[in-house]
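The values are calculated or read from the model by the stated rules, or taken from the named source; none is laboratory data. All figures in this text were calculated on a predicted structure; none of them were measured in a lab. Cβ placement follows ideal geometry from the backbone for every residue including glycine, while neighbour counts extend to all protein chains displayed. The accessibility values were calculated without ligands, DNA or RNA, using every heavy atom of the protein model including side chains. Shrake-Rupley method; radii C 1.70, N 1.55, O 1.52, S 1.80 Å.
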Amino acid sequence: MERFGVCSISLVLLLVLTKNLSSKAFDGCLKDDDALKKKTQNEVEYSIPDVGSEMEDMKDDDWQMVQKKGNQFVVNDKPFYVNGFNTYWLMVFAADESSRGKVTEVFKQASSVGMTVCRTWAFNDGQWRALQKSPSVYDEEVFKALDFVVSEAKKYKIRLILSLANNWEAYGGKAQYVKWGNAAGLNLTSDDDFFSHPTLRSYYKAHVKTVLNRVNTFTNITYKEDPTIFAWELMNEPRCTSDSTGDKLQDWIQEMAFHVKKIDPKHLVEVGLEGFYGPSTPQRAQLNPNSYATQVGTDFIRNHQALGVDFASVHIYADSWISQQIADTHIPFVKSWMEAHIEDAEKYLGMPVIFAEFGVSSKDPGYNSTYRDTLISTVYSTILNSTKKGGSGAGSLLWQFFPDGTDNMDDGYAIVLSKSPSTSSIIQLQSTRLGLFNSLCSTKCQWGCKKKKLLDKILYHDEL
């Protein structure tokens, strides 16, 4: 936590330092030296104190698709490093007029601390307020609620990673697809039949097609044409424990990534994996948090080599995977887990990696808010260490971000800004640092440039 001086740094000081930058300090970090000169002091003053202001002033013409170039995300030919969050229940809340305002609150508050990406569910299968009531049968009012989520995100210049199915039973998951299959006369005995049975595959593919081709009733923009959507996620935390070789899940990933890309070649695609190493890389198995992780049918390197997968995803839950009791080993694990995946994304995958879920539960024995701040700071500093080297560490998404008055949804991991001022400051500082880099550097930014010390000091130094 202390590393970031949250606490000690002020945006005013950041502004002062930024105003003293010369164009030469960005030698190699801008397309040419004149680029920074063209930024007047007024422009810099406008963009730095409020990390969201530049985005808020963005014209629709500039609201372009996120793309991938090598191991970076880019928007309008500039880097797009991510500081974001998860709020999975947005569609369900938007489906009820009495709770719809909470969706707006989430985006407004996240934007106020500079967060630019939200991961949320674009599924609810066969449950209360289901989006998909049965295969290819949808509740139009719930679909309109998802439309609202997408349109509201754009108002606050927040992009969405939309997940298309769940490995777990919450919100239906693969178990619901199996129930539908059995109701149709199939003799299915395992939830993992979701990945292999052709009928269930057809159910999922039809859902994907319906969502991607949806025309938003608020914006009249088809989802597959909407830059508000950052990426499609095939599934939240897919596991196939019935096949530890990983072949069954790999075949599913290959088919579904191709299916998404065939319908929508413009958006990025990711799998939704937790990041466990599998049989293709036995030498990396020791990095897994436990021996069971090697047996769940996932394979970080192999899965992300499937054609159509654009970037890697990794989750971080030391309190679920190692021990629920907060322990001294947790923080070193987080750092080594991240560094290993960043290295593999660079060396073997040639793509960005997003740490798409990370957090700690307030229900854990030994928990306190200082530990949570230390965990978040560790994740953020590891991202920054990659960023300054031009590495694959492309960003992170907190699990999870809540507005006031939603305590009934809290699984222990909720972060409410009004109740967590120190955490809020850490989040805002990370947003400021990444936002400054995104706005001032071009895709040709080479962190090996000799005259980068001042920018390094602003973005990464422990104490300014």
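Go through region 351-382 residue by residue and tally those that are closer than 29 Å to His304 by Cβ, out of contact with any Ser or Thr (no Cβ under 8 Å at 6 or more places or on another chain) and of a type outside the set (Val, Ile, Thr).
Residues in region 351-382 being closer than 29 Å to His304 by Cβ, out of contact with any Ser or Thr (no Cβ under 8 Å at 6 or more places or on another chain) and of a type outside the set (Val, Ile, Thr): 6 in total.
Answer yes if at least one residue in region 167-181 is polar (S, T, N, Q), within 25 Å of the chain's Cα centre (by Cα), assigned to a loop (DSSP other than H, G, I, E, B) and surrounded by 20 or more Cβ atoms within 10 Å (Cβ to Cβ), and no otherwise.
Step one: of region 167-181, the residues polar (S, T, N, Q) are 167, 176.
Still in the running and within 25 Å of the chain's Cα centre (by Cα): 167.
When the remaining residues are screened for being assigned to a loop (DSSP other than H, G, I, E, B), the result is 167.
Adding the requirement that they be surrounded by 20 or more Cβ atoms within 10 Å (Cβ to Cβ) leaves 167.
Scanning region 167-181, I find at least one residue that is polar (S, T, N, Q), within 25 Å of the chain's Cα centre (by Cα), assigned to a loop (DSSP other than H, G, I, E, B) and surrounded by 20 or more Cβ atoms within 10 Å (Cβ to Cβ), so the answer is yes.
Of all residues in region 129-152, which are under 15 Å from Tyr204 (Cα atoms) and either of a type in the set (Phe, Trp, Tyr) or assigned to a strand (DSSP E or B) (or both)?
Result: Gln132, Lys133, Ser134, Val137, Tyr138.
Taking only region 182-192 into account, find how many residues are open to solvent by less than 30 Å² (accessible area, probe 1.4 Å) and closer than 29 Å to Glu357 by Cα.
Kept after step one, since they are open to solvent by less than 30 Å² (accessible area, probe 1.4 Å), are these residues of region 182-192: 188, 192.
Cutting the leftovers down to closer than 29 Å to Glu357 by Cα gives us 192.
Residues meeting the conditions: 1.
How many residues does region 336-366 contain that are loosely packed, with under 15 Cβ neighbours inside 10 Å and charged (D, E, K, R)?
The number of residues fulfilling the criteria is 2.
Could you list all residues from region 112-124 that are in contact with a Lys or Arg (Cβ under 9 Å, 6 or more places away or on another chain) and either modelled with pLDDT under 95 or open to solvent by 10 Å² or more (accessible area, probe 1.4 Å) (or both)?
Result: Thr116, single match.
Among the numbered criteria (1) in contact with a Lys or Arg (Cβ under 7 Å, 6 or more places away or on another chain); (2) open to solvent by less than 60 Å² (accessible area, probe 1.4 Å), which one does Asn236 miss?
(1)
When the residues of region 198-251 are narrowed to those that are free of Cβ contacts under 8 Å to residues at least 12 places away in the same chain and farther than 25 Å from Asp139 by Cβ, which ends up nearest to the chain's Cα centre (by Cα)? So that I can check it myself, show each step before the final result.
Initial filter on region 198-251 (free of Cβ contacts under 8 Å to residues at least 12 places away in the same chain): 198, 202, 215, 220-222, 247.
With the extra rule that they be farther than 25 Å from Asp139 by Cβ, the set shrinks to 198, 247.
Numbers: Pro198: 30, Asp247: 26 Å.
Step by step, filter region 198-251, then rank; the result is Asp247.
Considering only region 204-233, state which residues are in a loop (DSSP other than H, G, I, E, B) and of a type in the set (Lys, Arg). Steps first, please.
We begin by selecting, within region 204-233, every residue in a loop (DSSP other than H, G, I, E, B); these are 213-214, 216-221, 226-228.
Within region 204-233, just Arg214 meets the criteria.
Which residues, counting only those in region 125-166, are open to solvent by 20 Å² or more (accessible area, probe 1.4 Å), charged (D, E, K, R) and free of Cβ contacts under 8 Å to residues at least 60 places away in the same chain?
Hits for region 125-166 are Arg129, Lys133, Asp139, Glu140, Glu141, Lys155.
Looking only at residues that are in a helix (DSSP H, G or I) and small (Gly, Ala, Ser) in region 253-287, which one is farthest from Ser320 (Cα to Cα)?
At the first step, the residues of region 253-287 found to be in a helix (DSSP H, G or I) are 253-263, 282-287.
Subsequent filtering for residues that are small (Gly, Ala, Ser) retains 257, 285.
Details: Ala257: 29, Ala285: 18 Å.
If we take residues in region 253-287 being in a helix (DSSP H, G or I) and small (Gly, Ala, Ser), then Ala257 is farthest from Ser320 (Cα to Cα).
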